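A.B. asks: Questions regarding the structure given below will be posed in turn.
The values are calculated or read from the model by the stated rules, or taken from the named source; none is laboratory data. Predicted model only: the values in this text are computed from it and were never measured. Here the Cβ positions follow ideal geometry from the backbone for every residue, glycine too, while neighbour counts run over all protein chains shown.
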């Protein structure tokens, strides 16, 4: 199992620290550095900045939002980043959510599965440098009856095949991801539940495509907080606002994929309470309503030995790249967490 680092969103007052974290992860041998985007910093610019100042670590979008870019533009960006980084780019895609898609981009949040499938088809065709044509439900290239003609990408990516990941949560999206992608970006994964909530659907999608999970990258992100095992409850409290935001506040009441995931993990009543409180404006109450076990199962908390035990469980469950989001209010704390991650991987016998 490999390790990754997730820088999250740029521009939260930690820009210089994020670069230092990426550089330390590069030095420590982390496999990939991911950057996110929502409605602030864009991931492409951040990844260019990081790639220019690192040497070996891959850089990946987690995610490029599908409603933000035409698929041909995404192919151009991916090919350029792969070329500039010397073949170190990983393309992660996702549909975002209804609030961002419709409120920020003005793109209707409908038919996300068919939209994603078409998007991936166009991106792959463009990155392969075929002449680009597509006749689908969501995109038609070239437009009929006009001056457009099939053209091909002029930039040569460093590699013939740029790894393509999809951020997936729901069963249908996970199955399609297994069918059409090279990897899955997961969030809130529990080692005890990941087979039932994710991997069984990815496996079904691979089988539909005549493939197995061999070579497919199962890549969840887990927050990490290192400390004494007797302080695990206190460490878990650090992530209450984070968990409340996703389980309670992401998407709409009817379309919150993270809330639905918590329900599938057995927290139906608690997930409903968290969402009710969050959407009513009681964010502190939503955070307080989160069961400790839900946080503990979906984060890495405690001593290096405890974290190593959890890493073994994730590897045994089928995780191939474990992406860490280290907690810390200072750069020194985040660097210490990065180093603890590599120590735990070695102690687990997985390095």
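A.B. asks: Quick one: how many residues across the range 189-232 are outside any loop (DSSP other than H, G, I, E, B) and buried (at least 17 other Cβ atoms within 10 Å of the Cβ)?
C.D. replies: Counting residues in the range 189-232 that are outside any loop (DSSP other than H, G, I, E, B) and buried (at least 17 other Cβ atoms within 10 Å of the Cβ) gives 20.
A.B. asks: Among the candidates 226, 218, 232, single out the residue that is touching a residue at least 12 places away in the same chain (Cβ under 8 Å), in contact with a strand residue (DSSP E or B) (Cβ under 8 Å, 6 or more places away or on another chain) and under 26 Å from residue 90 (Cβ atoms).
C.D. replies: On inspection, the qualifying residue turns out to be 218.
A.B. asks: Would the range 27-35 turn up any residue that is at pLDDT 95 or above and over 21 Å from residue 220 (Cα atoms)?
C.D. replies: Yes: one or more hits.
A.B. asks: Quick check on the range 104-127: of everything there that is assigned to a loop (DSSP other than H, G, I, E, B) and surrounded by 16 or more Cβ atoms within 10 Å (Cβ to Cβ), which residue is modelled with the lowest pLDDT?
C.D. replies: Taking the candidates together, the pick is 109.
A.B. asks: Does residue 45 qualify as being modelled with pLDDT of 95 or more and either outside any loop (DSSP other than H, G, I, E, B) or closer than 23 Å to residue 107 by Cβ (or both)?
C.D. replies: Criteria met by residue 45.
A.B. asks: If you don't mind, there's one more thing I want to ask. Where in the range 242-351 are the helices (runs of 4 or more DSSP H), entirely inside, with at least 2 residues that are more than 27 Å from residue 24 (Cβ to Cβ)?
C.D. replies: Those helices (runs of 4 or more DSSP H) span 257-264, 268-279, 283-288, 292-297, 304-317.
A.B. asks: Next question, about the same structure. From 22, 78, grab the single residue that is assigned to a helix (DSSP H, G or I), in contact with a strand residue (DSSP E or B) (Cβ under 6 Å, 6 or more places away or on another chain) and closer than 27 Å to residue 133 by Cα.
C.D. replies: After applying the criteria, what remains is 78.
A.B. asks: Filter the range 328-343 for residues that are farther than 21 Å from residue 90 by Cβ and either surrounded by fewer than 20 Cβ atoms within 10 Å (Cβ to Cβ) or not assigned by TED's automatic domain parsing to the domain that holds residue 61 (or both) and give the result.
C.D. replies: 328, 329, 330, 331, 332, 333, 335, 336, 339, 343, listed by residue number.
A.B. asks: Test residue 311 against the criterion of being in the same structural domain as residue 327 (by TED's automatic domain parsing) and surrounded by 20 or more Cβ atoms within 10 Å (Cβ to Cβ), and give yes or no.
C.D. replies: Yes: the conditions hold for residue 311.
A.B. asks: Out of all the residues in the range 148-164, is one or more assigned by TED's automatic domain parsing to the domain that holds residue 204, in contact (Cβ under 8 Å) with a residue 12 or more places away in the chain and within 14 Å of the chain's Cα centre (by Cα)?
C.D. replies: Taking every residue of the range 148-164 in turn, at least one turns out to be assigned by TED's automatic domain parsing to the domain that holds residue 204, in contact (Cβ under 8 Å) with a residue 12 or more places away in the chain and within 14 Å of the chain's Cα centre (by Cα).
A.B. asks: Taking the condition of being surrounded by 12 or more Cβ atoms within 10 Å (Cβ to Cβ) and either in contact with a helix residue (DSSP H, G or I) (Cβ under 9 Å, 6 or more places away or on another chain) or part of a strand (DSSP E or B) (or both), how many residues in the range 132-149 meet it?
C.D. replies: Result for the range 132-149: 8.
A.B. asks: Among the residues of the range 276-315, write down those that are without any contact (Cβ under 8 Å) to a residue 40 or more places away in the chain and under 22 Å from the mean Cα position of the chain (by Cα).
C.D. replies: Correct list: 312 only.
A.B. asks: Looking at the range 82-97, is at least one residue at positive phi and in contact with a helix residue (DSSP H, G or I) (Cβ under 8 Å, 6 or more places away or on another chain)?
C.D. replies: Within the range 82-97, one or more residues are at positive phi and in contact with a helix residue (DSSP H, G or I) (Cβ under 8 Å, 6 or more places away or on another chain).
A.B. asks: Criterion first (under 19 Å from residue 196 (Cβ atoms) and either crowded, with 17+ Cβ neighbours inside 10 Å or out of contact with any strand residue (DSSP E or B) (no Cβ under 9 Å at 6 or more places or on another chain) (or both)) does residue 282 satisfy it?
C.D. replies: Here the answer is no, as residue 282 does not meet what is asked.
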